[in-house]
Every structure is written in structure tokens, then in C-alpha cells.
1. Mind listing whichever residues of the range 255-286 are under 17 Å from residue 105 (Cα atoms), part of a helix (DSSP H, G or I) and touching a helix residue (DSSP H, G or I) at 6+ places or on another chain (Cβ under 6 Å)?
2. Out of all the residues in the range 135-154, which are among the polar types (S, T, N, Q) and part of a helix (DSSP H, G or I)?
3. Tell me yes or no: at least one residue of the range 108-116 is among the basic types (Lys, Arg), part of a loop (DSSP other than H, G, I, E, B) and either more than 24 Å from residue 274 (Cβ to Cβ) or at pLDDT below 95 (or both).
4. In the range 309-335, what residues are small (Gly, Ala, Ser), within 18 Å of residue 89 (Cα to Cα) and either touching a residue at least 24 places away in the same chain (Cβ under 8 Å) or in a loop (DSSP other than H, G, I, E, B) (or both)?
5. So for the range 107-127 (the condition being small (Gly, Ala, Ser), within 15 Å of the chain's Cα centre (by Cα) and buried (at least 19 other Cβ atoms within 10 Å of the Cβ)), does at least one residue qualify?
6. Output yes when any residue across the range 274-297 is among the hydrophobic types (A, V, I, L, M, F, W, C), over 19 Å from the mean Cα position of the chain (by Cα) and at negative phi, and no when none is.
Amino acid sequence: MPTLRSASSGLQLPNKRPKSDSTTPSKKRSSSRFKETKATPQSDDAIGKIAQCKVISSPTTSRKRLYGDEPVQKVKWNPKDPAQMKAVKEALHVATVPSNVACRDTEQNIIFDFCKECFKKERSGSLYVCGCPGTGKTLSLQIVKSKLLTWSKEVGHDILDAVSINCTSLADTSEIFSKILENFEGTCNPCSPLQQLQCIFSKRQSLPPKMTLIIVDEMDYLITRDRSVLHDLFMLTTVPFSRCILIGIANAIDLADRFLPKLASLNCKPPVITFRAYSKDQIYEIIQERLKGLGYDVFDSLSLEFCARKVAAASGDMRKVLAVCRRAVELLEAEIRDSCELQEFHTVTFDLMDKALSKAFKPKNVDTI
């Protein structure tokens, strides 16, 4: 019978090896057994070779080749160390200027491109930057100014003259023209500072050798009853042959519409760039960016997210966030002083952040009562 012949042929496989693989199931099983018995001595040799390779090769190189670089674990923060505590407080201080302003790349690029275009064409221009307090307006303008100075040197143009004026430091609103005039030489003294500036920018032979960037911060302090100071300041960019780039910074969004209606009629109304309040994700990113250089975690993720959500819902003021975080660190410092030496502290907890936020957002009349 065919079945008996197929079975007998299957029994002869251990004595005689077939030349080619057959499609019968019995031959498949026998060939698999044959391969397993033959692979046994080869596996021992392979193990010996692998062991020899492990001895010769560097373990760090093989791990990097197989798994990539190992993640660097952060050192735990020791709040009891005075040097580390001082470094954290300095990183969270409002006066500490970071090397980069996170989450404001779009606004900075718009301002930079505008100034660069005016610089290339050697023409005047004006911008009005507005937004809520603590949204990075002044800091962004400082970064743009440094980028413009670097760019003017790289392209080989005349170095840009940059003037930064904070109007809160002025004793009188008209004093701003004297501050601007200090950057020019050879002016005629009998005239007023405004007339001297108008004379400089209106005559071709009196052209200043360089473009001038004027950044006026807290511009709303220049608002007077007749609004003449604000108007005359922006009009410096409209006189013939003017090479002045004026950028005003204030909190009011509609300052140009309310207090400079004549500029719109003269078709010289400055473009408006608005800095919107920070969102919770942006606040979280900025705090992480400020503390990145320390090398250790100061806040646990839950406490920092709670602070970001609270401030973003209220105002989005980054200065408020820094003040709250510093307050939370100070509360941790007070707990360390009052606790025993064996107790360990590593991060600012949710409870400490809650206390700092309650203190920051508590109404003032509560303390009075």
C-alpha cells in the first residue's frame, strides 16, 4: 500500500540522507531533528567565541552600539547646602536675565526682520510693542538689540547705534529728547533738544553716519494732556532723510489708536506687535529652562504644574510665577531650619507650592481685617 511505502521510506532517513528536501511531513520532522543534533557542537563554539569577544571588546562601546547613550541621571538637590540654595534663588530672581527667552521666538523674529529691512534700505520706521505685564516684552527687545548689533558686524555695515530709555526714570516727559540727543555729536546748543533732533534727521548733509535704534520702554509714561511728546517722538521717523528706527513698549494695546490719531491720518501709524499672556505650558517650559543649568530638580512636576495653571488662569504674568516659586523655596528653607537634622528634603512639594500661591493671591484686605 502507498501508506506503508511512505512510512518505510521515512524510517530509512537516519541511515541515508536524502539529496533534496521532500515535501512529506515525515521528512520535514526528521530533517529538523538532524539540524538540531548537528547544531549542538556549533553552539558551544559560538558561546566560546562570544565570551572571547566580550573580553576583548569594551563594554561601554557595545552598550552604546546596541542601546545608545545611557540616560544621565540628575543629582538630587540638597536644600541644606547653602551654595545650592543660593544658586536656586538667583535662577528664580526677576533680575536674572536668561540667555534665551523661551516661547517668544515668533515675536522676536518679526521685530528682528523689521529692523533688518530698515537697516538694509537705510530708511526709518517705527513699531509699537504691547502686552500684559510680565510677558517678556523688554527682555525680548534686549535680545533683538544684541542680535542686530551682531548681525551688523557680520555683514560689514556701519555698526548700529542703539539707545534704550526707560520712561520711568525721566523727571519730565520732554527729557526723552535730551536722552536721545546724547548719542549725537556736533549739535547746535541754542535750539531745544527736539529741534536739534529734527534738524539732524531732516537735512541730507547732516545725516548721522549710522542707523539709530531707539527703544522706549514704558511709553505710556509719556502720555500728557496734549499728547505732544508722544506725537513728536514718532514724527522723528517721518522727517525727510531720517535714519531712525523707533520701537515703543507699553502695556496698553490701543495706545496708538487713542493717543496718536494724527499718525493714522498721515499714513505713518506704527505696526502693532502684541505679546499675549503666557499659557500654562509656556510657564512650565520657561521655569524648566531657567533651572536647567543647575543639574538637579528643585520642584516636583506636580507642584510646578499647579503653579503654572494657577498663574496662567489669573494673569499669565511670568514675574508673578518667579515670585511664587521663590516664595515656595523660602518656605522649604524655613522648614529645614525648624526640622531635625535627620529629616531629608529633596524638592519643593505640592503643599509648599500651595502655601506660596495662597499667600500671593490672597486679597490685601484680608490682612487688614
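The values are calculated or read from the model by the stated rules, or taken from the named source; none is laboratory data. These figures come from a predicted structure and were not determined experimentally. Ideal geometry is used to build each Cβ from the backbone, glycine not excepted, and the neighbour counts take in all protein chains shown.
1. 283, 284
2. Looking only at the range 135-154, we keep the residues that are among the polar types (S, T, N, Q), and these are 135, 138, 140, 142, 146, 150, 152.
Selection gives 138, 140, 142, 146, 150, 152.
3. no
4. 323, 328, listed by residue number.
5. No - not one qualifying residue is present in the range 107-127.
6. no
So that you can scan it fast, the table gives a plain yes or no per residue for (1) crowded, with 16+ Cβ neighbours inside 10 Å; (2) of a type in the set (Ser, Thr, Tyr):
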residue: 280; (1), (2): yes, no
residue: 303; (1), (2): yes, yes
residue: 307; (1), (2): yes, no
residue: 315; (1), (2): yes, yes
residue: 327; (1), (2): yes, no
residue: 332; (1), (2): yes, no
residue: 340; (1), (2): no, no
residue: 344; (1), (2): no, no
residue: 349; (1), (2): yes, yes
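Conditions (1) among the hydrophobic types (A, V, I, L, M, F, W, C); (2) surrounded by fewer than 16 Cβ atoms within 10 Å (Cβ to Cβ); (3) assigned by TED's automatic domain parsing to the domain that holds residue 116, marked per residue:
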site	(1), (2), (3)
197	yes, no, yes
216	yes, no, yes
228	no, yes, yes
234	yes, no, yes
248	no, no, yes
252	yes, yes, yes
256	yes, no, yes
260	yes, no, yes
